[in-house]
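Engineer: Got a structure here, written out as structure tokens. Questions coming.
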């Protein structure tokens, strides 16, 4: 199953600038492959800049007529490059790796931006009653989702990883801007929030630039932030979501209209494996220490719109972990969010069920 995503782009290129076209008509797919001309009145040229990063790729879309469009797009992608070097667990010299290696020995000073992110991550954990937890890196490793091979862990190894997991082991001190762990072996992993954070920081470099009326930045087609409008009528960016149950990846789930708004999507698609007749996805429920089960009350995919990509990224993960009842109770407290909960179709020949919550009723057009 593929997660809800933007219409499929061209292959990744490390540093590739090209021009596409985006039409103002909502009667055709609103986000096009690079180089496609819609032929609709009022179509505008877009400059697209792409770069690999964080295990996926990031893309910046700007109206090509924007002054210094290529330079602005490069600046935004450079921000993401720098953050990858800080946030990744795959480089031993990153700041996050240094924290994981030494914070059990005593307080470790943290760069201000990363400290704010960690503080925000802990707040999300509290708000979601543990459905989101930034300190379950040990669990991801024991299941083989971080470095592989993917596997059902030995019960003793799983219990040991559970003992090393959870934000209750993480202690932040804002006065000294330090972090410490209360035991060895705790592993922070920002995979559920890092892309969103990077998108927010990249977007900050584009705000209030002369002549820039709109920009869209996405990471791996599952996280994005939309600034302003691409140019026509000031109605926002149209985002085509694809049906996650369609093997061809062509069937439309519907369209989101976003302006100064972010989106995050989660689904148990990547790094999935099967063992003993059961499917295991890479998204782990921090409260059980096991992958989220494929059950009737769990969604196949979740799309969240929010005021920041950091929040949309983290909460799409949390809502995927929650049961239907837990999600309903959480969303009752957050009417500012837009949420699509995508559940299995009632019959195999039907599209998935889409539960539309909060602001998504104003942002989402099905079909």
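Engineer: Give the residue that is nearest to residue 177 (Cα to Cα), with candidates limited to residues of segment 96-106 that are part of a helix (DSSP H, G or I) and in contact with a strand residue (DSSP E or B) (Cβ under 9 Å, 6 or more places away or on another chain).
Structural biologist: Out of the qualifying residues, it is 99.
For (1) surrounded by fewer than 24 Cβ atoms within 10 Å (Cβ to Cβ); (2) over 23 Å from residue 167 (Cβ atoms), each residue gets a yes or a no:
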site: 277; (1), (2): yes, yes
site: 281; (1), (2): yes, no
site: 290; (1), (2): yes, no
site: 295; (1), (2): yes, yes
site: 300; (1), (2): yes, yes
site: 305; (1), (2): no, yes
site: 332; (1), (2): yes, yes
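Engineer: Cβ-Cβ under 6 Å, sequence separation 6+ or interchain: first residue in segment 113-132 and in contact (Cβ under 8 Å) with a residue 60 or more places away in the chain, partner surrounded by fewer than 19 Cβ atoms within 10 Å (Cβ to Cβ) and assigned to a loop (DSSP other than H, G, I, E, B). Which pairs?
Structural biologist: As it stands, the answer is 115/177; 130/287, since those pairs meet every condition given.
Engineer: When you look at residue 46, is it under 23 Å from residue 200 (Cα atoms), in contact with a helix residue (DSSP H, G or I) (Cβ under 7 Å, 6 or more places away or on another chain), modelled with pLDDT of 50 or more and surrounded by 18 or more Cβ atoms within 10 Å (Cβ to Cβ), yes or no?
Structural biologist: Against the criterion (under 23 Å from residue 200 (Cα atoms), in contact with a helix residue (DSSP H, G or I) (Cβ under 7 Å, 6 or more places away or on another chain), modelled with pLDDT of 50 or more and surrounded by 18 or more Cβ atoms within 10 Å (Cβ to Cβ)), residue 46 does not qualify.
Engineer: Could you check how many residues of segment 145-165 are on the phi > 0 side of the Ramachandran plot and either buried (at least 21 other Cβ atoms within 10 Å of the Cβ) or within 21 Å of the chain's Cα centre (by Cα) (or both)?
Structural biologist: Residues meeting the conditions: 0.
Engineer: Among the residues of segment 107-118, write down those that are surrounded by 16 or more Cβ atoms within 10 Å (Cβ to Cβ) and assigned to a helix (DSSP H, G or I).
Structural biologist: 114, 115, 117, 118
Engineer: Which of the residues that make up segment 126-135 are in a loop (DSSP other than H, G, I, E, B) and out of contact with any helix residue (DSSP H, G or I) (no Cβ under 7 Å at 6 or more places or on another chain)?
Structural biologist: Listed by number, the residues that qualify are 129, 130.
Engineer: Among (1) over 24 Å from residue 129 (Cβ atoms); (2) at pLDDT below 95; (3) crowded, with 21+ Cβ neighbours inside 10 Å, where does residue 210 come up short?
Structural biologist: Unmet for residue 210, out of (1) over 24 Å from residue 129 (Cβ atoms); (2) at pLDDT below 95; (3) crowded, with 21+ Cβ neighbours inside 10 Å: (3).
Engineer: Right, next: Being modelled with pLDDT of 95 or more and exposed (fewer than 11 other Cβ atoms within 10 Å of the Cβ) is the filter here; which residues of segment 337-361 pass it?
Structural biologist: 361
Engineer: Considering only segment 239-254, state which residues are surrounded by fewer than 22 Cβ atoms within 10 Å (Cβ to Cβ), under 16 Å from residue 363 (Cβ atoms) and more than 18 Å from the chain's Cα centre (by Cα).
Structural biologist: Of everything in segment 239-254, those that are surrounded by fewer than 22 Cβ atoms within 10 Å (Cβ to Cβ), under 16 Å from residue 363 (Cβ atoms) and more than 18 Å from the chain's Cα centre (by Cα) turn out to be 252, 254.
Engineer: Could you say which residue among 138, 121 is touching a helix residue (DSSP H, G or I) at 6+ places or on another chain (Cβ under 8 Å), under 27 Å from residue 216 (Cβ atoms) and part of a helix (DSSP H, G or I)?
Structural biologist: 121
The values are calculated or read from the model by the stated rules, or taken from the named source; none is laboratory data. Keep in mind that what you see is a predicted model, and the values were worked out from it rather than measured. Backbone-built Cβ (ideal geometry, glycine too); neighbour counts: all protein chains shown.
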